Amino acid sequence: MLFQMLLTLSIRFFLFDFVLFKGLRNYLKTKGYFFRKLLSCPFCQGFWSGLGVFLSNNLISHNLNFLLAMLSFGFVTAYLSMMTTAIFYPLIDKYEKNYSTFK
């Protein structure tokens with residue numbers, strides 16, 4: 001489970017914070033409400049990334065236990081995503097301003 005959480009946070013960072021995708025993210029933000037909200041909400045990003053990781057690592061079954069486990073994992077990773085963004089985003093922003101050639 002710890003591996004899945006770290007994988008989720010890594011995927012979320014790669015897709016939503018990595019500097020190489022900044023141009024694509026800015027372009028998609030202009031394409032509608034859904035993209036604008038998804039690309040600016042770390043809680044949402046963590047939730048959907050967590051659901052993707054959970055579904056890729058677990059067999060889908062149609063029962064209440066599976067649904068609760070899936071939603072629990074999604075909300076836990078959403079919360080972790082929000083917390084890591086709040087803690088690390090100022091550091092990432094400072095690093096990109098000082099050392100990045102992608103401006």
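Assorted remarks:
- Count, lysine Cα pairs under 14 Å in the chain, 8 or more residues apart or across chains: 4
- Tensor-based shape of the range 55-103 (alpha-carbon gyration tensor, a/c under 1.5 rounded, otherwise prolate or oblate): prolate
- Surface composition of the chain: carbon plus sulfur atoms hold 72% of the accessible area, using a 1.4 angstrom probe and ignoring ligands, DNA and RNA.
- Mean Kyte hydropathy of 1.6 or more with a Cα span along the axis of at least 18 Å, helices from DSSP in the chain: 2-16
- Excluding ligands, DNA and RNA, the accessible surface per residue across the chain is 71 Å² with a 1.4 Å probe.
- Cα-centred dipole magnitude for the range 24-98, charges only on beta-carbon of K, R (+1) and D, E (-1), debye, nearest 20: 340 debye
- Positive end of the dipole of the chain (Cβ unit charges, origin at the Cα centre): among Ile60, Tyr27, Tyr89, the Cα lying farthest that way belongs to Tyr27.
- Normalised by residue number, the volume inside the convex hull of the Cα atoms of the chain is 108 Å³ per residue.
- The helix-based estimate of mean residue ellipticity at 222 nm for the chain, built from -39,500 (n - 2.57) per DSSP H run of four or more residues and divided by its residue count, is -26000 deg cm²/dmol to the nearest 500.
- Packing-based order for 58-70, 6-18, 80-92, 42-54, using average beta carbon neighbours within 10 Å, highest first: 42-54, 6-18, 80-92, 58-70
The values are calculated or read from the model by the stated rules, or taken from the named source; none is laboratory data. A quick note: this is a predicted structure, and the numbers were derived from the prediction, not measured. No Cβ is skipped: glycine too gets one built from the backbone with ideal geometry, and neighbour counts run over all protein chains shown. Each accessible area value is taken on the protein alone, full model and side chains, heavy atoms only, with ligands, DNA and RNA left out. Shrake-Rupley method; radii C 1.70, N 1.55, O 1.52, S 1.80 Å.
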